[in-house]
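Everything below concerns the one structure shown next.
The values are calculated or read from the model by the stated rules, or taken from the named source; none is laboratory data. Quantities reported herein were computed from a predicted structural model and do not represent experimental measurements. No Cβ is skipped: glycine too gets one built from the backbone with ideal geometry, and neighbour counts run over all protein chains shown. When the accessible area is computed, the model is the full protein with side chains, heavy atoms only, and any ligands, DNA or RNA have been set aside. Shrake-Rupley method; radii C 1.70, N 1.55, O 1.52, S 1.80 Å.
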Amino acid sequence: MGKYVIKRILLLIPTIFIVCAIVFALMRMMPGDAADIIAVRMRNAGKTIEVEQVRELMGLNVPPVQQFFIWFGGAITGNLGDSFFQSDSVSNIIWRQLPVSLELGIISLVLANVISIPLGLFCAAKQDSIADYLLRVLAVIFMSVPMFWLATLVLFYPAKWWGYAPEVQYYSLLQDPIRNLSMFIVPGVLGALGQIGTQLRITRTMVLDTLRQDYIRTAYAKGVKQKDVLFKHAFRNAMIPVITIVGGSIGALVGGNVILENIFNIPGIGQQLVTSLGYRDFPVVEGCVLIMSLFVMIVNVIIDLCYKWIDPRVTFD
């Protein structure tokens, strides 16, 4: 296992390099850059300056390939550069907004798993019952409804009918827990709905497939209670596909709720990424994508190791 972990960690380096190179190239292919925006602002303020002068001051006048290797070399040492617009380093911006995205993602992840996995087991145990059909229909609805549309309805109709709107001013959990949760609970529930639908159906399908195995029939023949069969025999052996889906949700904790963060004005990495894209703030966009990619890759390695813990028969080549 140790060799496998080392190999996977070493593979992170070229993978991150390729991801960063693709994002860097796509950003440079977009029309305009931050220098154009800054030059226009300065002219509106009555100051005369040429775009090329601004571009030279920002280091955008050198060839793109050279820009990339300068940035990537700094990123390896932990220096992600400075924002073009926020008068702060990219590292400070990310570490300031990372806890916000993590909080929203964790709320969605916990709600999704606490609800979907028990309901998936229940549907498997009560196969083809009315409750099973009803929960499966709800799961399909949760998976199908566009999140931006549902979030817009949740913002509009409660405000129209009852005068209720989620908190729009961010307060940290330590500063004001009540106002913090009032801001995060609604987008957290909405973010969990799609995960609930997917994980419920996957859990039900895999548990049903396991319940059809010979050793499950043997357990029933020996008089083992249904609860013990479900939790001690069927559930663990059905968990690998479920863990894969849950792992994908964990990987999306950072930046996975871009739409919800923007709709509910949550100052996380997702909102920062969209804002920076609009302003062509290259260092911030590249730094956010780097952190998101690194987080997803590390989670994938951990999920692979969990397979061995769940099923000792799993081997790593």
How many lysine pairs are close in the chain, with Cα atoms under 19 Å apart and the two 8 or more places apart or on different chains? 7
So how far, in whole Å, is the C-alpha centre of segment 99-173 from the one of segment 1-66? 37 Å
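Suppose every Lys and Arg Cβ carries +1 and every Asp and Glu Cβ carries -1, with no other charges. What dipole size does segment 2-48 come out with about its Cα centre, to the nearest 20 debye?
The calculated dipole for segment 2-48 is roughly 200 debye.
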Values of log10 I(q)/I(0), in the order q = 0.13 Å⁻¹, for segment 156-240 under a Debye, Cα-only, solvent-free model: -0.65
Whole-number D in µm² s⁻¹ for segment 74-160, Kirkwood Cα-pair radius fed into Stokes-Einstein, 25 °C, 0.890 mPa s: 143 µm²/s
Where nothing but the Cβ of Lys and Arg (+1) and of Asp and Glu (-1) is charged, how large is the charge dipole of segment 8-93 around its Cα centre, in debye to the nearest 20? 160 debye
Would you calculate, for the chain, the mean residue ellipticity at 222 nm contributed by helices, counting each DSSP H stretch of 4 or more residues as -39,500 (n - 2.57) and dividing by all residues, to the nearest 500? -24000 deg cm²/dmol
For the chain, state the semi-axes of the equivalent ellipsoid (square roots of 5 times the eigenvalues of the alpha-carbon gyration tensor), sorted largest first and rounded to whole angstrom. 45, 27, 15
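Work out, in µm²/s and without decimals, the Stokes-Einstein translational diffusion coefficient of segment 141-187 at 37 °C, 0.692 mPa s, Rh from Kirkwood over C-alpha pairs.
275 µm²/s
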About the Cα centre of the chain, what is the dipole size in debye to 20, counting +1 per Lys and Arg Cβ and -1 per Asp and Glu Cβ, all else neutral? 1220 debye
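Checking understanding here: applying a Kyte-Doolittle mean of at least -0.5 and a length along the axis of at least 20 Å (C-alpha), which whole DSSP H helices in the chain pass?
Going by DSSP H runs, the hits are 2-29, 90-125, 130-144, 147-161, 177-211, 282-310.
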Taking the mean number of other Cβ atoms within 10 Å as a proxy for protection, how do you rank 94-106, 6-18 from highest to lowest? 94-106, 6-18
Sort 68-81, 228-241, 152-165, 262-275 by packing, meaning the average of other beta carbons within 10 Å per residue, with the highest value first. 262-275, 228-241, 68-81, 152-165
How big is the accessible area of Lys47 in square angstrom, nearest 10, if you roll a 1.4 angstrom probe over the protein chains? 120 Å²
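Around Gln169, under 11 Å between beta carbons, what's the net of Lys plus Arg minus Asp minus Glu among the other residues?
Summing Lys/Arg as +1 and Asp/Glu as -1 gives -1.
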